[in-house]
Amino acid sequence: MAIRFLSKGRTGLAGGALGAAFFLTSWIGCAHPPPPREGLSHPGQLIYFGYANPQVRPCYRCHAVDMRGRWFGGPSLIGLKESDRGGILQKIRQGAGFMPAYGDTLSPQEIERLADWLIGLGP
Ligand code: HEC
């Protein structure tokens, strides 16, 4: 990719600048602080924002404060349905790509609560 940018001259530079801007935007997005603990009640939501289990890397770091995804390719988690539950549980337990596996750090109940909460966000 870098080589393609270089060989394209001016356009390549513009592409690089765009890339850098995108990177910065992602970074700033990632730096959004989570909502305060007091406003949250669902057990899944508390895990998502890193309040329930401080040893665990919080989900919002990759899936964003608004759950719409962003960082490290974390996809949007909006619109998941009950029929997606099996896949959600498996993804959280085993991870995939940049998605870490949480099967050893979260209990099966905690993973179910996360799935409950994510499914509840849907329409
Ligand atoms: C380091 C970044 C990162 C963290 C932290 C992270 N995820 Fe992910 N997550 C990803 C990526 C990347 C994917 C896409 C994986 C793939 O399928 O290639 C993903 C996929 C998922 C999916 C599947 C979405 C779908 O539509 O299939 C769910 C559900 C999910 N993550 C939930 C969580 C939860 C809950 C947490 C916290 C316990 C979490 N993630 C933490 C990066 C992350």
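Just so it is clear, none of the values below were taken in a lab; they were calculated from the coordinates. This structure is a prediction, so every number in the text was calculated from the model and none was measured. Don't worry about glycine lacking a Cβ; one is built from the backbone with ideal geometry, like all the others, and counts go over all protein chains shown.
Some notes on this structure:
- Exposure proxy ranking, count of Cβ atoms within 10 Å, fewest first, for Met99, Met67: Met99, Met67
- Of the trypsin sites (Lys or Arg not before Pro) found in the range 63-123, the ones in coil according to DSSP and having at most 16 other Cβ atoms within 10 Å of their Cβ are Arg68, Lys81.
- Relative contact order (%) - criterion: Cα under 8 Å, at least six apart; region: the range 34-120: 28
- The range 96-113 and the range 35-95: distance between their alpha carbon centers, rounded to Å: 10
- Dipole magnitude (debye, nearest 20) for the range 34-120, charges at Cβ of Lys, Arg, Asp, Glu: 240
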